[in-house]
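What follows is calculated from the coordinates using simple rules that are stated; it is not laboratory data. All figures in this text were calculated on a predicted structure; none of them were measured in a lab. For neighbour counting, all protein chains shown are included, and Cβ atoms are generated from backbone atoms with ideal geometry for every residue, glycine included.
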Amino acid sequence: MRNEKMLALILTIFLLMAAVAVLAMTSYVLYFPQEAVVLPPSPEVSVYVDGQPWSNGTKISWNPVEPGKSYTKNLEVENVGNTTVKVFLMISGLPEGWSLTWSANGSILHVGEKCSGYLTLTVPPDASGPYEWDSWIIAEPAE
């Protein structure tokens with residue numbers, strides 16, 4: 001009989017502790033509500049040159065090129081982030097007299113949208129030697 005009383009006492013204490021824990025958790029949730037986590041806008045794009053995935057800063061092969069001629073490639077950008085973006089072509093180190101333009105420069109893309117334009121390289125008549133430069137597609141949040 002004594003063991004039964006001891007077991008009943010332990011069970012009662014356990015149930016009281018469980019009730020206190022539930023009450024404490026309920027109070028915490030009611031008085032300290034959790035804020036939702038909101039991701040900041042993220043300008044992210046996927047870029048394709050002539051249908052092939054392209055990573056910013058990697059070289060685009062134009063070889064061979066001849067002086068005085070122009071060459072084109074199709075450049076497509078898809079907004080895969082979670083905010084509307086404005087996309088730009090940025091170039092560094094292009095030789096003097098050469099030009100590289102993108103017909104869709106400055107396009108505004110909503111989430112999931114794509115734009116496509118011609119990337120045109122114009123080589124001056126007096127060009128010589130192999131040249132290298134860097135190109136990037138920059139995506140900025142659109143205002």
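Odds and ends about this structure:
- Put simply, the amide H of V45, placed in the peptide plane, has neighbours under 5 Å in V80, leaving out anything fewer than 5 places away on its chain.
- Placed amide H near S107: partners under 5 Å, 5+ positions off or other chain: V87
- Protection proxy ranking for 7-14, 46-53, using the average of other Cβ atoms within 10 Å per residue and placing the highest first: 46-53, 7-14.
- Principal axis dimensions, segment 46-143 - Cα atoms, whole angstrom, descending: 45, 25, 19
- Ranking H110, G68, M6 by how far each Cα lies toward the positive end of the dipole of the chain (charges on Cβ) leaves M6 at the top.
- Amide H within-cut-off set for A127, under 5 Å, with H built and near neighbours excluded: G68
- Packing around the peptides 123-130, 82-89, taken as the average count of other Cβ atoms within 10 Å per residue, puts them in this order, highest first: 82-89, 123-130.
- Using 0.36 nm per residue and subtracting the Cα-Cα separation, the extra length available between D126 and T72 on full extension is 17.5 nm.
- Computed from Cα positions, the angle between helix 2-31 and the longest principal axis of the chain comes to roughly 40 degrees.
- Between E44 and I138, the contour length at 0.36 nm per residue exceeds the alpha carbon distance by 32.9 nm.
- Were the residues from H110 through I10 laid out at 0.36 nm apart, the gain over their Cα-Cα distance would be 29.7 nm.
- Computed from phi, the 3J(HN,Hα) profile of segment 65-78 under the Karplus parametrisation 6.51, -1.76, 1.60 (θ = phi - 60°) reads 10, 10, x, x, 10, 10, 9, 10, 9, 8, 10, 10, 10, 10 Hz, with x in place of Gly and Pro.
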